[in-house]
Every structure is written in structure tokens, then in C-alpha cells.
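As C-alpha cells, the structure follows; a few thoughts come after it.
We did not get these values from a lab; they are worked out from the coordinates using the rules stated. Treat the numbers as computed from the prediction; the structure is a model and nothing was measured. Please note: Cβ atoms are built from the backbone with ideal geometry, for glycine as well, and neighbour counts cover all protein chains shown.
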Amino acid sequence: MGMIQKSKSFFKGVKSELKKVQWPTRKELTTYTVVVVVTVLVVAGIIALMDTFYGSIIGLITRS
């Protein structure tokens, strides 16, 4: 089997598998996106607060 034939066979398989995929609805996609963005913002906020807190503590220790 030649390289071109193998490639054709591969892409036929890919096309077949993509037809089996159950894609999310627009509503599900929006919900999941909002959950991810909110989670990232919350975690970033927590990290920023911890960084500020520990930076202040280190600053107090090194100044004395």
C-alpha cells in the first residue's frame, strides 16, 4: 500500500470518527465557557491575594 493510499485511508477513518462525535449545543458550549472563565478568574484572584500577602510578609521580615 503506497503512501497516498495510506493517507486516503487515514483521512477516511478520521472523517468516519468525526461523524460519531456528539458535539455540544451552543447553550452547553456557552455554559462550559463561562464556567472555565469564572474559574480562571477566581483562581487568578486567589493567587494575586496570596502573592500580595506573602510579599508583604517578606517585606516586613527583610526590612527589620
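To the nearest 0.05, what FRET efficiency results for M3 and V36 with a Förster distance of 35 Å applied to their C-beta separation?
Calculated transfer efficiency: 0.30.
Label I58 and F11 with points 7 Å out from Cα along Cα→Cβ: what is the distance between them in nm?
Rounded to a tenth, the inter-label distance reads 5.3 nm.
Taking the inverse of the average 1/r across all pairs of different Cα atoms in the chain, what Kirkwood radius in Å do you get?
Taking every pair of different Cα atoms in the chain, averaging 1/r and inverting gives 16.9 Å.
For helix 3-20, report the angle its Cα long axis makes with the longest principal axis of the Cα atoms of the chain; keep it between 0 and 90° and round to the nearest 10°.
70
Pairing the Cα long axis of helix 26-63 with the longest principal axis of the chain, what angle in degrees results, from 0 to 90 and rounded to the nearest 10?
With both axes taken from Cα atoms, the answer is about 30 degrees.
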